[in-house]
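Derivation of every value follows stated rules applied to the coordinates shown; laboratory data play no part. What you see is a predicted model; the values in this text were computed from it and never measured. Because the Cβ atoms are built from the backbone with ideal geometry, glycine has one as well, and the counts that use them run over all protein chains shown.
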């Protein structure tokens, strides 16, 4: 779900940091309400950071790659 405010701010030209502030604020609001979905492709232990980067370099990742301590 994407808020109209996020869409508008992300695509506006010439507003720079003001637009980014709107986007960050809206993302924080969505996260606080539990409405922000972030797809996770894979979680790697920190010891496998090199493999995580290799996966990123392959460029076929659908979602975020996370490192866990």
*How would you rank 62-69, 21-28, highest first, on the average number of other Cβ atoms within 10 Å across their residues?*
21-28, 62-69
_Using Cβ contacts closer than 10 Å as the measure, can you line up 56, 36 from fewest to most?_
56, 36
*asked:* Could you work out how much longer the chain between residue 28 and residue 55 gets when fully extended? Use 0.36 nm per residue separation minus the Cα distance between them, nm to one decimal.
replied: 6.9 nm
